[in-house]
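Nothing in this text is a laboratory measurement; each read-out follows from the coordinates by a stated rule. Predicted, not measured: the structure shown is a model, and the values here were computed from it. Cβ coordinates were reconstructed from backbone atoms using ideal geometry, including for glycine residues, and neighbour counts include every protein chain displayed.
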Amino acid sequence: MKRKTKTKKASPAKSRNPARSRPTARPPAADAKFAVEPALTQAGRPLLFDELAVRVGATTAPKRKRLQAQLDASLHAGEIVRNRRDEYCLREFLTLTVGTVSGHRDGHGFVHPDDRSPPIILSYRQMREVMHGDRVAVRLSGTDHRGRPEGSIVKVLERGTTEIVGRLYEESGISFVIPDNPRIGHRVLVPRGRIGDARPGQVVLVTIDEQPSKTAQPLGHVVRVLGEHTAPGMETDIAIHSHGLPFEFPAEAVAQAEAYGSAVSVAAKRGREDLRDVGLVTIDGEDARDFDDAVWCEPVRGGWRLIVAIADVASYVSPHSPLDQEAQHRGTSVYFPNRVLPMLPEALSNGLCSLNPKVDRLCLCCEMRVNAQGKITRSRFFEGLMNSKARLTYTKVAAWLANPNAAHDADVIANGATLRNLHDLFRALHAARLRRGALEFDAPELKVRFDAEGRIAAFVEQPRNDAHRLIEECMISANVEAAKFLRKHRIPTLYRVHGQPEEDRLEKLREFLRGFAIELPRDRDLEPQDLNAVLQRIVGNEEAHLIQTVVIRSMPQASYQPENIGHFGLALAEYAHFTSPIRRYPDLLVHRGIRHVLRGGNASTFEYGPARMVELGQQTSFTERRADEATRDAMSWLKCEYMQDKIGEEFDALVTGVVDFGLFVQAKGLQIDGLVHVSSLGADYFSRDKSGYRLVGARSGRVFRLGDHLRVRLINVIIDERKIDFELAEARSAPPMVRGPWARRRGRR
């Protein structure tokens, strides 16, 4: 079934195009640095440039130029600070904290320190001179009314926003743009004559010419008109520009990808384990275009032999190449409902690196032996050559698993033996998952359907089935083995880590679950099994999706880092992302580590050290969050657009949040959220009780609680703010509020 070819694999051809400069690329070697910090420490006071130059020996023009460049880099990193007299100071003498600004839609903001200490509050007044994404040095100035640290800005180190997207307005002859991103609270003024061909009401892209200050709003000029507010696809264009997503590949990266051609070369196939006779298949969604992974399974004595074959992206994307710099810059592919921004150019993402059916492809494989109890008893990694036997879909595979004797697609029938083996293996792996207490979230995925003109036609909930779960278990198994392999060989890598819930969030979760008569243990540390028991208990309940959502929100966000702290949600001691190198940069780094060992390398000769992995972990975690926020914004826009012509219609809804000003509800089957304002609850004074999960009428005693099922009527939609308003359907019908899509109601909640 397997055979090895004779000669060693040749290295892939290199592009003739030089690498495009990126902030994340490794800089070339430089001359030794000047001892700036020791000089400032010895001086014991701030120093002007000329004084500092003398102390560090920068006496010639070239040396002074080098010193200035070094100082600029240190200022950018926040290692030193320049005061109002242009003197250079050590940060620790000024007790400053350096971090990144995160704006809030209500006008205030936070500084997230580089050292991961608790966020620092910035008041509305402090936020006047900065924008979301700026890097600043702040001095602690006290605490707010909730006991949180509050700061004042000492220095803006780096501007994180150089362009914004939003709607153009004109009032009293003054043109301005209101950013679509609610985290940016400034209006960007556009001087007369700098709006180009844009008309008020259109969505435009503006370059910032003058950043905000304590006394002035930012100034900019229109560089592109994205189109009319209601144009199809506008939600995606806005999300891309609002979050600064790279959407065009540099010519060097495209040229390098296309230089590999459309088929695997004979030279690239040499020296690999030949799996072309193995019945590997891909199983993905109907709308998938890039296929990272293929699977195959056969029964063996005492269990199964499983092969997970992953596209060998590392054979085409070498470190520091134009392709690598762009992939690192993007960090991840971004999947919008109607558009994809791939991490790699199409020649690779949908071509040579995609495990398309009936064509030869390079792969990096994990072969595992799994016993009858679902435990992996041994595994190995190897470089392979495969030829996928079929491109199968979750829907078709699930239908076959449910009833193999019914009429099915020819490819499904032809690979029935493999599917049967995989399903038997899945049951063992899933049983092992339940025993270790991993969390199971089976909420349906929301899919968007568009009409022929590209406008939204419907939202459709797509439930998970055994085909989804089967592939998930195979991928988790391979990811675990990858993490173990790299730990065993002491290769620096990025683990996918997920910490335990923080105590304050855990307490809120306990209070929430108590409203459903569910108790969490208090006499010991929380374990994944405890939360999984909650999720298993609510299977089939109407409130299941709500409770799953609240449990997810109670936990910290998973991230990438070289320090392994385990994965709480999966109840695993070690875990790394190995199975999607086409669309995730951390997976590509894991592949590079494994290939390095397979080719005889060790930790001392590996391309990446621990310090570099720390940087890449922070960067890739950021690009993941950025992609999530952008796709969430686009989906929120589409939900508002879908509801815009349904004013007055009624919906069954579930109460998903209780606040002082009303109830947040979700329309069933649509996963569309909105607010029922307290004024729409009836002629009474309603207040939230001490549990925080109920609104109680002072006169009537009527209670609205989390998880209640209500019939609601849609009364208002504001697309710009992604806000939807409902009222109780039992309430006396009133004319819907008439507001143009330009209406702004900041602070209404």
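Can you compute the modelled spin-label distance between R305 and S318, with each label point 7 Å from Cα toward Cβ, in nm?
With each label placed 7 Å out from Cα toward Cβ, I get 3.5 nm.
DSSP loop (so not H, G, I, E, B), at most 11 other Cβ within 10 Å: list which GluC sites (Glu not before Pro) in segment 445-490 pass both filters.
E453
Could you work out how much longer the chain between Q500 and D277 gets when fully extended? Use 0.36 nm per residue separation minus the Cα distance between them, nm to one decimal. List each step's numbers first, then the result.
On the way: separation 223, 0.36 × 223 = 80.28 nm, distance 4.44 nm.
Here the segment from Q500 to D277 would lengthen by 75.8 nm.
What translational D, rounded to a whole number of µm²/s, comes out for segment 451-596 from Stokes-Einstein when the hydrodynamic radius is the Kirkwood one over Cα pairs, at 25 °C and 0.890 mPa s?
138 µm²/s
What is the list of residues in segment 682-717 whose amide nitrogen lies under 15 Å from a point 7 angstrom out from the Cα of E649, following Cα to Cβ?
What the label zone holds, given the 15 Å backbone N cut-off, is 712-717.
Quick one: plug the Kirkwood hydrodynamic radius of segment 75-156 (C-alpha pairs) into Stokes-Einstein at 10 °C, 1.306 mPa s, and report D in µm²/s.
Values: Rh = 12.8 Å.
Stokes-Einstein gives a translational diffusion coefficient of 124 µm²/s.
Taking the convex hull of the alpha carbon atoms in segment 213-281, what volume per residue do you get, in Å³?
Details: hull volume 18.4 nm³, N = 69.
So the per-residue Cα hull volume is 267 Å³.
Within a 10 angstrom radius of the beta carbon, how do V206, V111, V534 rank from fewest other beta carbons to most?
Details: V206 28, V111 25, V534 18.
With the fewest neighbours first, V206, V111, V534 line up as V534, V111, V206.
Rounded, prolate or oblate: which one fits segment 94-246, using the alpha carbon gyration tensor with axes a ≥ b ≥ c (rounded when a/c is under 1.5, else prolate when a/b beats b/c, else oblate)?
Cα axes put segment 94-246 in the prolate bin.
Mind checking the full-extension length gain between N465 and D684? Use 0.36 nm per residue of separation minus the Cα-Cα distance, one decimal, nm.
Working: separation 219, 0.36 × 219 = 78.84 nm, distance 4.59 nm.
Extra length available between N465 and D684 comes to 74.3 nm.
Between E248 and R159, what is the spin-label point distance in nm, taking each point 7 Å from the Cα along the Cα→C-beta axis?
For the pair E248/R159, the computed spacing is 2.1 nm.
Which residues among segment 66-84 fall inside the zone where the amide N is under 20 Å from a point 7 Å beyond the Cα of V54, along Cα→Cβ?
The answer is 66-68, 71, 83, whose backbone nitrogens lie closer than 20 Å to the label point.
Mind checking segment 234-266 for GluC sites (Glu not before Pro) that DSSP puts in a loop (not H, G, I, E or B) and that have at most 11 other Cβ atoms within 10 Å?
E248
Suppose every Lys and Arg Cβ carries +1 and every Asp and Glu Cβ carries -1, with no other charges. What dipole size does segment 667-725 come out with about its Cα centre, to the nearest 20 debye?
For segment 667-725, the charge dipole is close to 280 debye.
Segment 562-655: D in µm²/s via Stokes-Einstein (Kirkwood Rh, Cα pairs, 20 °C, 1.002 mPa s)?
The estimated diffusion coefficient comes to 125 µm²/s.
Using Cα pairs under 8 angstrom and six or more residues apart, how large is the relative contact order of the chain, in percent? It would help to have the intermediate numbers written out before the result.
Working: 1444 pairs, mean separation 74.0, N = 749.
Rounded, it is 10 percent for the chain.
Can you give me the pair-distance distribution of segment 243-322, C-alpha pairs, 5 Å bins, whole percents?
3, 9, 15, 17, 19, 15, 10, 6, 3, 2, 1
Give the order of F568, F622 when sorted by the count of other beta carbons within 10 angstrom, beginning with the fewest.
Sorted ascending by nearby Cβ count, the order is F622, F568.
Please pull out the direction-averaged projected area of segment 432-519, using the convex hull of its alpha-carbon atoms, in nm² to one decimal place.
So the Cα hull casts an average projection of 10.8 nm².
What residues of segment 85-123 lie in the reach of a label at A43, counting those whose backbone N is under 13 Å from a point 7 Å from the Cα along Cα→Cβ?
Inside the label zone: 85-91.
Based only on Cα atoms, what Rg/Rh ratio does segment 169-241 have, Rh being taken as Kirkwood's radius?
Ratio of gyration radius to Kirkwood radius: 0.95.
Work out Dmax and Rg for the chain from the C-alpha atoms and quote the Rg first, both in angstrom.
28.4, 87
Where does the Debye-calculated log10 I(q)/I(0) of segment 392-488 sit at q = 0.18 Å⁻¹, using only Cα point scatterers of equal weight, no solvent?
-0.97
Which distance in nm do the two modelled labels at A231 and R612 give, with both placed 7 Å along the Cα-to-Cβ direction?
The answer from the label model is 4.2 nm.
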